[in-house]
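One structure is given here, and the rest of the page talks about it.
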There are 2 protein chains.
Amino acid sequence: MTDVATEKPRRGRPPVSDEQRQRQRLDISRHAVRLFADQGVAATSGEQIAQAAGVSERTFWRYFPHKESCVEPLLTKMVDAFCGVLHDWPRELELIDHLREAYSPLLDAATDEDIEAVLAVVRLTHGERALRAAYLMLRERAENALGEVLAERAGLARDAIEVRVQAAAMSAVLKIATDDVATAAADGVTRETLEGHREQIATALRGLSRML
Amino acid sequence: MTDVATEKPRRGRPPVSDEQRQRQRLDISRHAVRLFADQGVAATSGEQIAQAAGVSERTFWRYFPHKESCVEPLLTKMVDAFCGVLHDWPRELELIDHLREAYSPLLDAATDEDIEAVLAVVRLTHGERALRAAYLMLRERAENALGEVLAERAGLARDAIEVRVQAAAMSAVLKIATDDVATAAADGVTRETLEGHREQIATALRGLSRML
DNA sequence: CATTTATTGGCACCATCTGCCAACAAGCGC
DNA sequence: GCGCTTGTTGGCAGATGGTGCCAATAAATG
């Protein structure tokens, strides 16, 4: 009776592992994004995505509550990686210096194709309302993670006004930098454009501090 | 042949004026928001909104491309008012000082019911994904307007990085302040809660500058 | 009143997404 | 292997979101 796990003999088929599920979602996500980029979101039906990913339409809708949320797994992967870097941000370093050190592994963690796909999505969000909405909501999640890191660093409560404001401001900076890189990489991603993201962030951060 | 207007004798029924159309949209908007607040967005059908507003479902869908965009007229009214205040921001004043002077008329321009409705929408956006998306897109429009004001003040191009970053940061501050006021006014709006918005903004702006 | 143009409402239609259920897959003890 | 239990899948029906098309009507002009 001490261990909760022993109380359940666990009969029957076990549920699929969470990672398994995530990988499945990610796989579908890649197919969906390719279709979105090729023919637009509106012109891509759920049936089409399901077929491309090799699942029935029904299970597709089980994996994704809305069509637009197909972009989520791909984007979250990046956002999570970035949040990880953020989390290791040592107290004594400026953010930009920390990024200079820790940014490259972030890029190596993903395949070039995935990075390309993510940037394609970011570009798509400028014309596709539905995607824009999904994108913005994801950025809010990132802002939240950023808020927690900042709160811990400053020794303040997560909901302190300074923490929230600074998280929002930095998040905005990151958004702009990302947007710039995405448009710059419109035709073909080179290692330089990606490394440029860091410096883009640096420039933007400077622009922020100059406003007093 | 010199005047374009004289070339067209204009026969047949004239198109409804733009303001007329806006007023119609605003009217429907009010009905929709009430329903949204009462029973949630998902539980409110387009048919229901149309019926409440006294138009056919078909024309309802003509006025609003998506269900969620029903909140737009009500929100834009506020955003536009705010942008107007921003536009009159004299070069020599700090933003917060300008707001202290010009903020009250903004509140008087709308009925208490509309203000209440707007705040209700802002609160709703925390739980209703669809509304959140619409809300965020509207905020982007506001950020854009802010960017133009800032660009003019600073004598810089609209797409200069400093301008964009500062607009984004200030927009984020405004968002947080608005959120706080909306939750604070959860049960009943008093004049104080609304005037408090100004000071909320002031506090937030201070929090921003403290980040260096 | 006839003509012209704009808006409206009704209908058919496709796409999105959900509930329900039968089929099947994957573990367990025997 | 066979049952038993549980989780996932796919198919089908159905509600809702949203669009195109067309007839009816409204508002102007002469």
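A few comments on the model shown:
- Here is the figure for the stretch A:18-51: residues that are open to solvent by less than 50 Å² (accessible area, probe 1.4 Å) and touching a helix residue (DSSP H, G or I) at 6+ places or on another chain (Cβ under 8 Å) total 13.
- Residue in the stretch B:12-35 that is within 14 Å of another protein chain (Cβ to nearest Cβ), within 12 Å of DNA strand C (Cβ to nearest atom) and of a type outside the set (A, V, I, L, M, F, W, C) present: no
- Of the candidates B:SER56, B:SER69, the single residue that is within 13 Å of DNA strand C (Cβ to nearest atom) and either at pLDDT 95 or above or at positive phi (or both) is B:SER56.
- Qualifying residue in the stretch B:150-173 (condition: of a type outside the set (Lys, Arg) and within 12 Å of the chain's Cα centre (by Cα)): no
- In this structure, B:ALA160 does not qualify as buried (at least 18 other Cβ atoms within 10 Å of the Cβ) and within 14 Å of chain A (Cβ to nearest Cβ).
- For the stretch B:176-210, filtered to residues that are under 17 Å from the mean Cα position of the chain (by Cα) and away from chain A (no Cβ under 13 Å), the residue that is most open to solvent (accessible area, probe 1.4 Å) is B:ARG198.
- Contacts under 9 angstrom Cβ, first residue in the stretch A:134-145 being within 8 Å of chain B (Cβ to nearest Cβ), partner among the hydroxyl-bearing types (Ser, Thr, Tyr) and surrounded by 16 or more Cβ atoms within 10 Å (Cβ to Cβ), 6 or more apart: A:ALA134/A:SER69; A:ALA134/A:THR125; A:LEU136/A:THR125; A:GLU140/A:SER171
- The residues listed here are A:SER45, A:SER69; of these, the one that is within 14 Å of chain B (Cβ to nearest Cβ) and within 16 Å of DNA strand D (Cβ to nearest atom) is A:SER69.
- Test for A:ALA154: is it of a type in the set (Gly, Ala, Ser) and open to solvent by less than 40 Å² (accessible area, probe 1.4 Å): no
- Sole residue being away from every other protein chain (no Cβ under 14 Å), over 30 Å from B:ALA160 (Cα atoms) and either more than 15 Å from DNA strand D (Cβ to nearest atom) or basic (Lys, Arg) (or both), chosen from B:ASP88, B:ASP114, B:ASP80: B:ASP114
- Annotation note: Cβ proximity below 9 Å between a residue of the stretch A:103-131 that is free of Cβ contacts under 8 Å to residues at least 12 places away in the same chain and a residue that is in a helix (DSSP H, G or I) and of a type in the set (Phe, Trp, Tyr) (sequence gap 6+ or interchain) occurs for A:THR125/A:TYR135.
The values are calculated or read from the model by the stated rules, or taken from the named source; none is laboratory data. Since this is a predicted model, take the numbers as computed values, not measurements. With ideal geometry, Cβ positions are generated from the backbone for all residues, glycine too; neighbour counts draw on all protein chains shown. Heavy atoms of the whole protein, side chains included, go into the accessibility calculation; ligands, DNA and RNA do not. Shrake-Rupley method; radii C 1.70, N 1.55, O 1.52, S 1.80 Å.
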